[in-house]
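This report concerns only the one structure given below.
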Amino acid sequence: MIETQKKQIICSRKFGKNCDSHWLDVLNYRQLHYFWKVARAGSIARAAEQLNLAPQTISAQIDTLEEGLGTELFRRVGRRLELTAAGQLTLSYADEIFQIGRELEETVRNRPGRGDMLFRVGIADVVPKSIAYRLLAPALGSAGRVRLICREDKLDRLFGELAIHKLDLVIADRPLPSGLGVKGYSHVLGSTPMAFFAVRSLAARYRGEFPQSLRGAPMLIPGDGAAVRGALIRWFSEYAVDPHIVGEFDDTALMNAFGKAGAGLFPAPTILAEEMDRQYNGELVGQAEGVSAKYFAISVERRLTHPAVVAITAAAKTDLFVEAKPANSS
């Protein structure tokens, strides 16, 4: 109480009767947001790219914020920016401020009687579209009317949009990387074993004596952006098979289309075995023992509260990925 009174006296002496309104002038939340983005991104250039603004604009706004607060928030060390002690303190408050703002938005936007509840989801382009559909479908059946907005893109861009609350959730094949400058939480949805599929003529040719039969086999694999790619490459090495990789694809649907045309064998989650057969004429060749595709729901919430997100995670664990069993090649 005494400390509060001291602060009020000092403030009144310096700024007069308008002491409280002075802080509204000093603490410009847009400037604070720019500071927060730079602190999390690690550089003005990276924050400018995420915000789609000129670096000079962000730099000028942070200068104004520092002037208003009466202290430096960053120090330049070589070509890098480092937070000062005041900057670290400001960042901790900014984290809380924007988290509370996010919660306010969600509470108001999703309140009863307001019509459709917007649910904005980013889907990594390496996630099979049928997996994405199966994961998101329960959201449409969650409490209330949901209007689903899907955006497919590279993970780094999706993480950037999640950080500035343009997305409610990101569906990915890997957890949120540390050191990315994005505050978020990775929630495991489940995993499924991987197997190889091919049109009938190729499947009959390479199914015998699997996996040694894969030596020299024409193979289609996911691109560098897919988390499962590394596991598949290690599996080839472990079993001393050296397939002929004829194509790499960021988009799994495109890879499957090439597989349907007979361009080569292609990997897919075993939970999609029936779909591979029905839609892509893909017969099971064999399972990549020990290789699994994992899927994550990434949000800014540590504790999931969004009704649609809760529906997705619950259905994934109880229906889609529950006791995912190896495919049967017989």
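This table checks each residue for (1) open to solvent by 70 Å² or more (accessible area, probe 1.4 Å); (2) of a type in the set (A, V, I, L, M, F, W, C).
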position	(1), (2)
198	no, yes
205	yes, no
216	no, no
222	no, no
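Among the candidates 293, 288, 297, single out the residue that is small (Gly, Ala, Ser), touching a Phe, Trp or Tyr at 6+ places or on another chain (Cβ under 6 Å) and under 25 Å from residue 188 (Cα atoms). Give the steps one after another, and end with the answer.
Values: 293 fails: touching a Phe, Trp or Tyr at 6+ places or on another chain (Cβ under 6 Å); 297 fails: touching a Phe, Trp or Tyr at 6+ places or on another chain (Cβ under 6 Å).
Only one candidate passes the filter, namely 288.
Pairs under 7 Å by beta carbon, first residue closer than 29 Å to residue 132 by Cβ and outside any loop (DSSP other than H, G, I, E, B) in region 190-218, partner open to solvent by 20 Å² or more (accessible area, probe 1.4 Å) and of a type in the set (Lys, Arg), six or more apart or different chains?
Sorted first by the residue in region 190-218, then by its partner, the pairs are 190/317; 191/294.
Does residue 107 qualify as being out of contact with any Lys or Arg (no Cβ under 6 Å at 6 or more places or on another chain), assigned to a helix (DSSP H, G or I), open to solvent by 20 Å² or more (accessible area, probe 1.4 Å) and modelled with pLDDT of 85 or more? Before you say what the answer is, go through the steps one by one.
Details: out of contact with any Lys or Arg (no Cβ under 6 Å at 6 or more places or on another chain): yes; assigned to a helix (DSSP H, G or I): yes; open to solvent by 20 Å² or more (accessible area, probe 1.4 Å): yes; modelled with pLDDT of 85 or more: no.
Spelling it out, it is not the case that residue 107 is out of contact with any Lys or Arg (no Cβ under 6 Å at 6 or more places or on another chain), assigned to a helix (DSSP H, G or I), open to solvent by 20 Å² or more (accessible area, probe 1.4 Å) and modelled with pLDDT of 85 or more.
When region 52-78 is examined, which residues are found to be open to solvent by 70 Å² or more (accessible area, probe 1.4 Å) and part of a strand (DSSP E or B)?
Across region 52-78, the qualifying residues are 75, 76.
Mind checking which residues of region 114-124 are crowded, with 19+ Cβ neighbours inside 10 Å and modelled with pLDDT of 85 or more?
Residues of region 114-124 that are crowded, with 19+ Cβ neighbours inside 10 Å, as a first pass: 117, 119, 121-124.
Listed by number, the residues that qualify are 121, 122, 123, 124.
Out of contact with any helix residue (DSSP H, G or I) (no Cβ under 7 Å at 6 or more places or on another chain), surrounded by fewer than 14 Cβ atoms within 10 Å (Cβ to Cβ), at pLDDT 85 or above and more than 28 Å from residue 290 (Cα to Cα) - does that describe any residue in region 128-149?
Yes, region 128-149 contains a residue that is out of contact with any helix residue (DSSP H, G or I) (no Cβ under 7 Å at 6 or more places or on another chain), surrounded by fewer than 14 Cβ atoms within 10 Å (Cβ to Cβ), at pLDDT 85 or above and more than 28 Å from residue 290 (Cα to Cα).
Regarding residue 236, is this residue open to solvent by less than 20 Å² (accessible area, probe 1.4 Å), in a helix (DSSP H, G or I) and of a type in the set (Phe, Trp, Tyr)?
Numbers: open to solvent by less than 20 Å² (accessible area, probe 1.4 Å): yes; in a helix (DSSP H, G or I): yes; of a type in the set (Phe, Trp, Tyr): yes.
When the stated conditions are applied, residue 236 passes them.
Consider residue 81 carefully, then state whether it is part of a loop (DSSP other than H, G, I, E, B), within 26 Å of residue 300 (Cα to Cα) and at pLDDT 85 or above. Quick ask: steps written out before the conclusion?
On the way: part of a loop (DSSP other than H, G, I, E, B): no; within 26 Å of residue 300 (Cα to Cα): yes; at pLDDT 85 or above: yes.
In short, no.
Between residues in region 228-252 that are within 12 Å of residue 196 (Cβ to Cβ) and residues that are open to solvent by 20 Å² or more (accessible area, probe 1.4 Å) and part of a loop (DSSP other than H, G, I, E, B), which pairs lie under 8 Å by C-beta distance while being six or more apart or on different chains?
Once the first residue is within 12 Å of residue 196 (Cβ to Cβ) and sits in region 228-252, its partners that are open to solvent by 20 Å² or more (accessible area, probe 1.4 Å) and part of a loop (DSSP other than H, G, I, E, B) give 236/242; 241/215; 243/215; 243/216.
From the list 176, 162, 158, exactly one residue is within 9 Å of the chain's Cα centre (by Cα), open to solvent by less than 20 Å² (accessible area, probe 1.4 Å), closer than 16 Å to residue 121 by Cβ and at pLDDT below 85. Which is it? Even if it seems obvious, please write down each step before you answer.
Values: 176 fails: open to solvent by less than 20 Å² (accessible area, probe 1.4 Å); 158 fails: at pLDDT below 85.
When all the criteria are applied, what remains is 162.
Within region 248-257, can you find the residues that are out of contact with any helix residue (DSSP H, G or I) (no Cβ under 6 Å at 6 or more places or on another chain), of a type outside the set (A, V, I, L, M) and either at positive phi or open to solvent by less than 90 Å² (accessible area, probe 1.4 Å) (or both)? Spell out the reasoning first.
Within region 248-257, the subset out of contact with any helix residue (DSSP H, G or I) (no Cβ under 6 Å at 6 or more places or on another chain) is 248, 250-252, 254-255, 257.
If we keep only those that are of a type outside the set (A, V, I, L, M) as well, we get 248, 250-252.
Of everything in region 248-257, those that are out of contact with any helix residue (DSSP H, G or I) (no Cβ under 6 Å at 6 or more places or on another chain), of a type outside the set (A, V, I, L, M) and either at positive phi or open to solvent by less than 90 Å² (accessible area, probe 1.4 Å) (or both) turn out to be 250, 251, 252.
Could you list, in sequence order, all residues of region 49-85 that are farther than 25 Å from residue 160 by Cα, of a type in the set (A, V, I, L, M) and in contact (Cβ under 8 Å) with a residue 12 or more places away in the chain?
69
The values are calculated or read from the model by the stated rules, or taken from the named source; none is laboratory data. None of the values given here were measured: they were computed from a predicted structure. Note that each Cβ is placed from the backbone with ideal geometry, even for glycine, and that neighbours are counted across all protein chains shown. Just so you know, the surface numbers come from the protein's heavy atoms only, side chains and all, with ligands and any DNA or RNA stripped out. Shrake-Rupley method; radii C 1.70, N 1.55, O 1.52, S 1.80 Å.
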